[in-house]
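The values are calculated or read from the model by the stated rules, or taken from the named source; none is laboratory data. Please read all numbers here as calculations on a predicted model, not as lab measurements. In this analysis, Cβ positions are derived from the backbone assuming ideal geometry, glycine residues included, and neighbour counts consider all displayed protein chains. Ligands, DNA and RNA are excluded from the accessible area calculation, which covers all protein heavy atoms including side chains. Shrake-Rupley method; radii C 1.70, N 1.55, O 1.52, S 1.80 Å.
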Amino acid sequence: MACLLETPIRMSVLSEVTASSRHYVDRLFDPDPQKVLQGVIDMKNAVIGNNKQKANLIVLGAVPRLLYLLQQETSSTELKTECAVVLGSLAMGTENNVKSLLDCHIIPALLQGLLSPDLKFIEACLRCLRTIFTSPVTPEELLYTDATVIPHLMALLSRSRYTQEYICQIFSHCCKGPDHQTILFNHGAVQNIAHLLTSLSYKVRMQALKCFSVLAFENPQVSMTLVNVLVDGELLPQIFVKMLQRDKPIEMQLTSAKCLTYMCRAGAIRTDDSCIVLKTLPCLVRMCSKERLLEERVEGAETLAYLIEPDVELQRIASITDHLIAMLADYFKYPSSVSAITDIKRLDHDLKHAHELRQAAFKLYASLGANDEDIRKKIIETENMMDRIVTGLSESSVKVRLAAVRCLHSLSRSVQQLRTSFQDHAVWKPLMKVLQNAPDEILVVASSMLCNLLLEFSPSKENMAFQAEQKIKADILRSLSTEQLFRLLSDSDLNVLMKTLGLLRNLLSTRPHIDKIMSTHGKQIMQAVTLILEGEHNIEVKEQTLCILANIADGTTAKELIMTNDDILQKIKYYMGHSHVKLQLAAMFCISNLIWNEEEGSQERQDKLRDMGIVDILHKLSQSPDTNLCDKAKTALQQYLA
């Protein structure tokens, strides 16, 4: 019963299971092989294009019987082939159909069928496997479970144009990530598939091309190999260039451009090579035109964004090709009220996927504006651009939000724009909302974006901790919550710890702010400082922590939290004698701030520190070979003499 649909069968469904559906399944059990064959053929004709009939037959248990007949040695090759065809047709129904087939272990049965000497049966098994593996519910790993499968599929590539088409399609759908790329590469995928690019069959050429695009993606080993492969005396990159010419089908142009893009990004083709500058880049810009279908525009823009992302010269060339920056503005107006789409199905599809256009546009704008100030200016001056980004930050799609943040981050590298457009649109407000309950990917980019907004020359810096007003610092502490702040101070990730210490150090700057914060959070801060100075941390972490203590020591009332804490005073003394100069200097800052003569209570503090042996250490440090440390020690000693 494991092969039935996962959801419970309701009576309404059962009532729809017609007598004829039951009749089809019953005939599969006839003792006469000829009648069984005819029954399978009739079933094949009944299920073509009829999803209800497919679901009925699956519910009635047709799949286990068909698989049994397919694997029986006594079954004729014709019967086995017809069974594979029907199973393939059932797989073309809904995703639930595919799940039911997978539950019945259809993949091992079909892979076993590939060992048959009969080509028609092999093709039927491959066609069914292709349909199953291209379904989103099928785990790709099922192709790699048995190590003998990939080499056998490679061997079958030479059998017919159908085996070539189906196997290439299986490979391109099941190659996800470097591990799969390595397996296929090591089993000779490049050599076995390269010659298929010159096949007389368009479908074979197309599937071979798709194979190369997934094999080359972010893979220097494959890409470096592809550059030197010859097919009929012609290098592969030259073949790809021919395939992206205007007279070729759009699908072929796009996939060829992706192959060349991935090879370029993997370092196999130079960014200034004519096949990139004069062929690939213009082809991808063409794909962004509003004459193209939605999915072509999305793929074109995203591939172009990936191509130009690291290279300023390609960014400049793209920005002046076919008015690309203005062309991308149309991505936000689609479909328009006067849309030329008359096909209702197409219009319905595009309305559901219009967010993908906005995502692609944001990605491409982000790449275009990554380095050049003039390009950023052009992007921001595009109609309603800042409003579109702000709207994008609050879209329901996580992918659109991420792309909008990346676009904003790219544009925020401009000093001029930080002072004008970003301030006019108060982009930090929606950005703060984006940070709430956001996935890590968004948090990383949004945090970097905030750092740019908070730079000294940005009017948005009123949100920044360093040099910020007391109210803003209080808001930061309240928003972050002290509990969260101290959790971050015990985080195992070094970068998180350093950033948190940096934030705390900036919060504790300027005397009135130091005193105010320490009056409300002093106990927890001193505990956190103690734990870090006692822990197994590197020099940078301890130096930053001692600098926080030095800031506290600069407060008027806050310094008493140090003076009344003998444990902390002993730690400062210890680090004054440390072997690392950075830590000695940081500890010295603490002492200097505590003994400074012009401040109330300095005499009592000096006396207590003298009794602890601090003056003796200062005398030693005044002889230090490190001039900076030596000078600081001498300055501190003068406070005792004044």
## Note on the structure
The aspartates and glutamates whose Cα lies under 15 Å from the Cα of residue 176, excluding any fewer than 8 residues away in the same chain, are 140, 141, 218
### Summary
With a 1.4 angstrom probe the carbon and sulfur portion of accessible area for the chain, in percent, totals 53 percent
### Summary
Listed by chain and number, the aspartates and glutamates with an alpha carbon less than 13 angstrom from that of residue 44, same-chain partners under 8 positions apart left out, are 82
### Message
Let's test the formula: R0 of 56 Å, r as the Cβ-Cβ distance of residue 273 and residue 520. What FRET efficiency results, to the nearest 0.05?
### Response
0.35
### Message
Could you work out how much longer the chain between residue 397 and residue 570 gets when fully extended? Use 0.36 nm per residue separation minus the Cα distance between them, nm to one decimal.
### Response
56.9 nm
### Task
Check the straight Cα-Cα distances from residue 345 and name the aspartates and glutamates below 15 Å, setting aside those fewer than 8 residues away within the same chain.
295
### Query
Pulled fully out, how much extra length does the chain show between residue 432 and residue 330, if you take 0.36 nm times their separation in residues and subtract their Cα-Cα distance?
33.9 nm
### Summary
Contour minus Cα-Cα span, residue 198 to residue 235, at 0.36 nm per residue, comes to 12.1 nm
## Note on the structure
With every protein chain kept in place and a 1.4 Å probe, the range 189-345 has an accessible area per residue in Å² of 45 Å²
### Query
Remind me, relative contact order of the chain in percent, using alpha carbon pairs under 8 angstrom and six or more residues apart?
5 percent
### Message
Probe of 1.4 angstrom, ligands and nucleic acids ignored: what's the accessible area per residue over the range 508-620, in square angstrom?
### Response
46 Å²
### Summary
Of the residues 524, 230, 33, the Cα lying farthest along the dipole of the chain towards its positive end, which is defined by charges on the beta carbon of Lys, Arg, Asp and Glu, belongs to 33
#### Entry: Relative packing of peptides 503-509, 147-153 - highest average C-beta neighbours within 10 Å first
503-509, 147-153
### Message
Explain nothing, just compute: Karplus ³J(HN,Hα) = 6.51 cos²θ - 1.76 cosθ + 1.60, θ = phi - 60°, for every residue of the range 43-48 in order, whole Hz, x for Gly and Pro.
### Response
5, 4, 5, 6, 8, 4
### Message
Report, in listed order, any pair from 203/399; 54/99; 573/608; 399/433; 523/559; 542/573 with a Cα-Cα distance greater than 20 Å.
### Response
203/399
### Query
For the pair residue 351 and residue 499, what calculated FRET efficiency results from E = 1/(1 + (r/R0)^6), where r is the Cβ-Cβ distance and R0 = 45 Å, to the nearest 0.05?
0.60
